[in-house]
Every structure is written in structure tokens, then in C-alpha cells.
Amino acid sequence: MRLVLMGPPGAGKGTQAKRLAETFGLLHLSSGDIFRAERAAGSELGGKLAEYMDAGELVPDEIVVEVMARAMTRDGSQQGLLLDGFPRTVAQAEALDAELARADKPLDGVLVITADDDEIVGRITGRRSCPDCGRVYHIRFMPPTSDEQCDDCGTKLVQREDDVESVVRQRLENYKRQTEPVIRYYRERSEAPVKEVDGNPPPDAVTESLADVVREISSSGEAKA
Ligand code: AP5
């Protein structure tokens with residue numbers, strides 16, 4: 001099964017993608033996580049990515065498509081796939097369609113998590129993440145057991161450079177301008193069903209709704225191995 005997970009910044013894509021990937025045995029590929037790993041490695045590409053990400057701007061399509069195609073070929077050839085944060089422009093969606101068509105492995109579904117703007121800003125400014133294992137927390141909604149330390153590996157938690165309010169507002173604006181047209185693209189030009197899930201309720205309730213939708217897609221008989 002191959003799924004795309006979309007939604008505005010802070011809607012809960014990363015949180016939910018990890019849970020869905022585990023439940024349904026899918027490979028989770030997050031463009032944001034892949035870019036942050038590249039930055040942490042200190043490569044020339046990582047330096048270029050940082051300029052766009054810290055300003056809340058989208059990374060140019062040609063860079064995104066190349067990096068994601070490489071990750072999909074390297075990691076995703078056999079397993080089912082859950083793409084998180086990619087595609088984020090219509091050009092990226094077209095490139096992904098072409099890549100999947102070449103492999104004769106079309107998309108089975110597009111999941112869209114929705115959330116209100118004010119909820120999003122509160123979530124993102126309160127987010128903390130583990131720089132080592134990537135686990136994501138929220139200082140109020142999903143706090144770590146011990147102050148500021150990762151429950152899994154004990155590493156000191158950090159706030160992302162792009163998680164300040166002014167940058168979040170910019171990311172939200174970009175989402176509306178550049179990424180919402182991707183949802184229209186899938187509705188109009190793809191056979192993969194587009195399913196919206198309300199991301200405002202608490203995390204476990206959102207997980208349940210998403211899992212129901214994935215089961216529905218999977219049992220529709222259209223999902224291919
Ligand atoms: P990326 O890392 O993908 O950021 P994003 O899309 O802005 O999404 P976030 O990671 O901020 O939020 P999320 O939806 O994953 O929410 P989370 O689960 O963490 O991209 C970063 C940057 O990389 C982009 O700005 C861009 O520059 C670049 N980039 C990436 N992909 C690109 C592409 N395809 N093209 C071009 N550029 C690209 O949750 C957020 C917080 O809320 C957490 O603290 C969490 O604990 C909490 N939370 C989650 N769910 C709930 C809930 N239901 N209730 C209460 N709290 C919750």
C-alpha cells in the first residue's frame with residue numbers, strides 16, 4: 001500500500017505517520033526528517049536546505065524531487081510506503097506520479113489531516129524533539145516524563161529553528177498557497193481517493209480516525225502490494 005499524508009504544519013503528520021507506519025507495516029519517509037538529517041550531517045546540500053527551512057520557505061522542487069526519489073529507491077522498493085510532507089507542490093506531485101508509474105506502483109490513497117490555525121501555532125511553538133532519535137513531544141499536550149529529556153534515549157530535547165511564531169505563520173501561508181492546490185490535483189487528476197481527517201482532537205482520537213480510513217482503503221481491494 002502506498003499512501004501520501006498531507007496537512008498544514010503542526011497538524012500532526014509526523015506524530016501520526018510514525019503510529020500508522022508501525023500499525024500497518026509501512027515505510028515512513030518524511031521529507032522534513034530527511035532534510036534535517038542532511039543538515040545535521042553538515043553537507044553542502046544540508047547548508048542549502050537550511051536557508052530555505054529556517055525562513056519557512058519551501059525547498060525548490062528540483063532538490064526535493066531528487067532527494068526523495070533517491071530515498072524511495074534506496075529504502076522503499078519492497079515495503080509499503082507512507083510519504084509524509086511530500087509532495088508539497090503540484091510539480092512535486094507530478095514528479096511523484098511519474099516515478100510511481102515507472103515502477104508500476106500507483107498511489108492507493110491521500111490522507112489529509114486538517115487543523116485550525118490557532119491550534120497549529122500553539123502546537124508548533126510548544127513542540128520539542130529529540131535530536132538523536134527524532135521522537136516528538138509537546139510541552140503541554142505530550143510532555144516527556146522527565147523534564148526536557150527524551151523518554152526513549154535520555155537526550156536533551158531541542159526546539160526546531162523554524163518553530164518560532166513568525167516562521168510558523170509563513171509556513172502556514174505557503175501551505176495555503178502552494179500545497180492546498182496539491183489536494184485539488186489529487187481530487188481531479190488521480191485515481192487515488194483523497195480522505196480528510198479532523199486533526200483537532202487529541203492524538204489518540206486522530207490516530208483512530210486515520211487507522212479507520214487506512215483500513216477502508218486497504219480493504220477496498222484497490223490497494224496493491
Ligand atoms: P516538515 O518537517 O515537513 O514540517 P511541516 O510540514 O511544517 O510539519 P511539522 O513537522 O511542523 O508538523 P507535523 O504536521 O509533522 O506535526 P507534529 O506531528 O510534529 O518540513 C520542514 C521544512 O522542510 C518546510 O518548512 C520546508 O522548508 C522543508 N520541506 C519539507 N518537505 C518539503 C517539500 N516536499 N517541498 C519543499 N520543502 C519541503 O506535531 C506538532 C506538535 O503538535 C508536536 O509537538 C506534537 O506533539 C503536537 N501534536 C500532534 N498532534 C497533536 C494533537 N492531536 N493534539 C495536540 N498536540 C498534538
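The values are calculated or read from the model by the stated rules, or taken from the named source; none is laboratory data. Since the structure is predicted, the reported quantities are computational estimates derived from the model, not experimental observations. Virtual Cβ from ideal backbone geometry, glycine too; neighbours counted across all protein chains shown.
So, residue 68, is that one within 9 Å of the ligand (Cβ to nearest atom) and either under 25 Å from residue 164 (Cα atoms) or surrounded by fewer than 15 Cβ atoms within 10 Å (Cβ to Cβ) (or both) or not? Steps first, answer last, please.
Details: within 9 Å of the ligand (Cβ to nearest atom): yes; either under 25 Å from residue 164 (Cα atoms) or surrounded by fewer than 15 Cβ atoms within 10 Å (Cβ to Cβ) (or both): no.
When the stated conditions are applied, residue 68 does not pass them.
Across the stretch 115-145, which residue is farthest from residue 37 (Cα to Cα) among those that are free of Cβ contacts under 8 Å to residues at least 24 places away in the same chain and of a type in the set (Lys, Arg)? I'd like the intermediate steps shown before the answer.
Restricting attention to the stretch 115-145, the residues satisfying the condition of being free of Cβ contacts under 8 Å to residues at least 24 places away in the same chain are 118, 122, 126, 132-133, 135, 137-140, 143-145.
After this cut, where a residue has to be of a type in the set (Lys, Arg) as well, the list is 135, 140.
On the way: 135: 14, 140: 26 Å.
Ranking the qualifying residues of the stretch 115-145, first place goes to 140.
Here is a list: 189, 171, 177, 215. Which entry is more than 13 Å from the ligand (Cβ to nearest atom) and over 17 Å from residue 82 (Cβ atoms)? Don't jump to the end; show me each part of the working.
Details: 171 fails: more than 13 Å from the ligand (Cβ to nearest atom); 177 fails: more than 13 Å from the ligand (Cβ to nearest atom); 215 fails: over 17 Å from residue 82 (Cβ atoms).
Testing whether each residue is more than 13 Å from the ligand (Cβ to nearest atom) and over 17 Å from residue 82 (Cβ atoms) leaves just 189.
Out of the residues in the stretch 198-212 meeting the condition of being touching a residue at least 24 places away in the same chain (Cβ under 8 Å) and more than 9 Å from the ligand (Cβ to nearest atom), tell me which one is farthest from residue 22 (Cα to Cα). Please lay out each step first, then the result.
Residues of the stretch 198-212 touching a residue at least 24 places away in the same chain (Cβ under 8 Å): 198-200, 202-203, 206-207, 210-211.
If we keep only those that are more than 9 Å from the ligand (Cβ to nearest atom) as well, we get 198, 210-211.
On the way: 198: 21, 210: 13, 211: 11 Å.
Looking at residues that are touching a residue at least 24 places away in the same chain (Cβ under 8 Å) and more than 9 Å from the ligand (Cβ to nearest atom), I get 198.
Results for (1) surrounded by 14 or more Cβ atoms within 10 Å (Cβ to Cβ); (2) assigned by TED's automatic domain parsing to the domain that holds residue 8, shown as yes or no for each residue.
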| site | (1), (2) |
| --- | --- |
| 51 | no, yes |
| 59 | yes, yes |
| 81 | yes, yes |
| 86 | yes, yes |
| 89 | yes, yes |
| 96 | yes, yes |
| 99 | yes, yes |
| 108 | yes, yes |
| 124 | yes, no |
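Filter the stretch 95-126 for residues that are among the charged types (D, E, K, R), more than 18 Å from the chain's Cα centre (by Cα) and within 13 Å of the ligand (Cβ to nearest atom) and give the result.
Within the stretch 95-126, just 118 meets the criteria.
With respect to residue 140, is the statement that it is closer than 18 Å to residue 85 by Cβ and near the ligand (Cβ under 9 Å from one of its atoms) true?
Numbers: closer than 18 Å to residue 85 by Cβ: no; near the ligand (Cβ under 9 Å from one of its atoms): yes.
Here the answer is no, as residue 140 does not meet what is asked.
Can you name every residue in the stretch 77-107 that is under 28 Å from residue 173 (Cα atoms) and in a loop (DSSP other than H, G, I, E, B)?
Within the stretch 77-107, 85, 86, 87, 88, 89, 107 qualify.
Here is a yes/no grid of residues against (1) within 25 Å of residue 54 (Cβ to Cβ); (2) in contact with a Cys (Cβ under 7 Å, 6 or more places away or on another chain); (3) surrounded by 14 or more Cβ atoms within 10 Å (Cβ to Cβ); (4) modelled with pLDDT under 95:
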| residue | (1), (2), (3), (4) |
| --- | --- |
| 163 | yes, no, yes, yes |
| 175 | yes, no, yes, no |
| 181 | yes, no, no, no |
| 188 | no, no, no, no |
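Specify which of the listed residues (15, 73, 23) is within 14 Å of the ligand (Cβ to nearest atom), in the same structural domain as residue 194 (by TED's automatic domain parsing) and of a type in the set (S, T, N, Q). Talk me through it step by step, then tell me what you get.
Numbers: 73 fails: within 14 Å of the ligand (Cβ to nearest atom); 23 fails: within 14 Å of the ligand (Cβ to nearest atom).
It is 15.
Out of 25, 32, I need the residue that is out of contact with any helix residue (DSSP H, G or I) (no Cβ under 6 Å at 6 or more places or on another chain), on the phi > 0 side of the Ramachandran plot and not β-branched (Val, Ile, Thr). Which one? First the steps, then the outcome.
Working: 32 fails: on the phi > 0 side of the Ramachandran plot.
After ruling out the rest, the residue left standing is 25.
With the stretch 116-201 as the region, which strands (runs of 3 or more DSSP E) entirely inside it contain at least 2 residues that are over 30 Å from residue 97 (Cα atoms) and of a type in the set (D, E, K, R)?
Values: elements: 127-129, 136-138, 194-198.
It comes to 127-129.
Specify the residue that is surrounded by the fewest Cβ atoms within 10 Å (Cβ to Cβ); the eligible residues are those in the stretch 19-37 that are among the charged types (D, E, K, R) and at pLDDT 95 or above.
If we filter the stretch 19-37 for residues that are among the charged types (D, E, K, R), which is where we start, we get 19, 22, 33, 36.
Add one more test, that the residue is at pLDDT 95 or above, and what stays is 19, 22.
Values: 19: 17, 22: 10.
Applying the filter and picking the extreme gives 22.
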